[in-house]
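Taking it in order: structure first as structure tokens, then the write-up.
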Amino acid sequence: MEKIIAVTRGDGIGPEVVNEGLKILKVIAEFTDLSFEFKDAPAGGEVYKKYGENLPKKSFDIIKGADALLFGAVGLPELPPGVAETAILRIRQELDLYINLRPIKLYESLKDKCPLKDEFIGKGIDITFVRENTEGLYANIGYISDDRAENLMIYTRKGCERIIRYAYEFAKKMGHSKVTSVDKANILKTSQLWRKIFHEIGSDYPNLQKEDIYIDAYCQWLIRAPYRFQTVVTGNMFGDIISDEGAFLIGSLGMASSGNIHPGKVSMYEPIHGSAPDISGKGIANPIGAILSVKLMMQESFQSSDIAKEIENSVEEALKEGRTIDLRNPEIKNLTTKEMGDLVAEKLKVRLKR
Ligand code: NAD
Ligand code: IPM
Ligand code: MN
């Protein structure tokens with residue numbers, strides 16, 4: 001079955017890591033029944049510099065007409081903050097991609113790069129952050145003047161209900177025993193509504209334990225006992241922040257993938273990191289976050305869990321033999337971005353041929 005994949009390479013290391021994601025999609029096309037048509041949908045800072053907009057209509061139309069979007073990263077240090085980045089928020093808002101799925105899994109083969117001691121790793125790290133992706137402070141409501149600025153944080157019942165229900169369903173599907181909600185209900189009215197709805201909806205899931213943790217305490221629990229968490233549901237800003245913290249627990253920001261999802265609609269898959277201007281153009285960026293985003297695409301948009309699993313197995317296997325420099329280990333070969341992608345692609349070919 002042919003799927004149309006819109007491709008936004010973006011800025012900085014975006015194009016470097018997206019190329020490796022595309023390599024994996026090409027292997028899938030070669031060895032399975034899926035096939036892909038790729039359509040470029042340029043967005044971000046470089047595009048802004050050329051055309052004065054970060055998401056030209058032509059690109060957005062391509063995205064809207066696709067089955068899924070593979071996205072790199074946007075942002076340029078020479079542009080004011082937000083000029084490139086609001087392209088992402090527009091895609092999330094206008095396509096109503098209310099679920100931001102961000103898995104954090106420590107692979108056995110990367111345990112040497114987890115910054116925690118064994119006693120804190122415990123029985124392992126395998127958490128999925130379910131981040132609300134269309135409301136809160138990131139809805140971009142506000143203004144800035146010379147002496148004052150405001151952002152409005154609005155959460156609606158509809159917005160809370162749908163993400164929280166999704167999280168419970170996700171936990172059930174994954175065989176998890178507990179759902180953790182992270183909020184700031186001791187201060188924020190929005191969190192008080194969120195927490196109320198978390199328990200209202202939770203009554204439909206008697207077999208799942210429920211747990212509320214405040215965001216500040218959660219930041220220490222995530223380091224102190226990450227093995228306690230399975231499905232973690234939270235608002236837009238808290239989800240943004242804890243997912244970068246979680247990413248470093250599994251070795252590097254370059255390892256973490258995400259899906260911006262509206263079930264049944266065109267969804268967007270991207271590594272959680274940014275354009276990393278400090279390393280861009282050097283060919284050393286870790287492409288695994290982008291590759292695992294393709295894994296999420298298979299799982300969530302194309303109902304191809306078997307292929308998804310093989311991508312993950314290939315990544316895990318490849319990391320024993322070679323790694324990019326962010327994951328350096330003197331006993332394991334140091335690879336460029338492209339070599340890392342090649343290695344995972346080789347492993348995947350062998351697995352899909354079977
Ligand atoms: P960043 O994620 O780009 O980089 C933070 C640090 O992590 C840097 O040291 C970087 O080298 C490292 N890093 C990130 N990805 C890596 C990878 N794949 N391999 C190895 N190391 C990696 O965050 P930042 O520096 O705060 O932001 C840079 C720009 O990216 C800004 O313009 C920001 O707004 C933008 N940004 C975009 C997205 C996105 O497009 N989704 C996400 C976050 C930040
Ligand atoms: C992310 C990024 C984006 C966000 C920014 C660049 C808009 O940090 O995807 O985590 O905050 O959601
Ligand atoms: Mn972020």
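Data overview
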item: Percentage, to the nearest whole number, of Cα pairs in the chain over 28 Å apart; result: 42
item: Kirkwood hydrodynamic radius of the range 117-250, from inverse mean 1/r over distinct Cα pairs, in Å; result: 15.5
item: Whichever lysines have a C-alpha closer than 20 Å to that of Lys333, once near sequence neighbours (fewer than 8 apart) are set aside; result: Lys111, Lys113, Lys282, Lys320, Lys347
item: Cβ-placed point charges (K, R +1; D, E -1), dipole of the range 30-179 about Cα centre in debye, nearest 20; result: 500
item: Hull volume in cubic angstrom per residue (convex hull over the Cα atoms of the range 237-293); result: 103
item: MRE, 222 nm, helices only [DSSP H, n ≥ 4, -39500 (n - 2.57), over the chain, to nearest 500]; result: -13000 deg cm²/dmol
item: Percentage relative contact order, the range 39-178, counting C-alpha pairs under 8 Å, at least six apart; result: 17
item: Fraction in percent of alpha-carbon pairs per bin - 10 Å, the range 213-354; result: 11, 36, 36, 17, 1
item: Fluctuation leader among Ser191, Ser267, Ser203 - the chain, Gaussian network, Cα springs under 10 angstrom; result: Ser203
item: Test item: Cα-centred dipole of the chain, Lys/Arg +1 and Asp/Glu -1 on Cβ, debye; result: 600
item: Length-normalised contact order for the range 118-215 - Cα pairs under 8 Å, 6+ apart - percent; result: 24
item: The range 73-147: radius of gyration and largest Cα-Cα distance (Dmax), Å; result: 18.1, 51
item: The range 91-189 - Debye-derived log10 I(q)/I(0), Cα point model, q = 0.11, 0.17 Å⁻¹; result: -0.51, -0.94
item: Nearby lysines by direct alpha-carbon distance to Lys39 (threshold 25 angstrom, same-chain neighbours under 8 apart not counted); result: Lys3, Lys23, Lys26, Lys49, Lys50, Lys57, Lys58, Lys64, Lys265, Lys295, Lys338, Lys349
item: Amide proton proximity set for Val74, modelled H, under 5 Å, gap of 5+; result: Asp11, Ser275
item: Whole-number percent relative contact order across the chain, with pairs defined as alpha carbons under 8 Å at least 6 apart; result: 22
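Each reported figure results from applying straightforward, stated rules to the coordinates on display, with no laboratory input. The structure displayed is predicted, hence computed values, not measured ones. Glycine also receives a Cβ, built like all others from the backbone with ideal geometry; neighbour counts cover every protein chain displayed.
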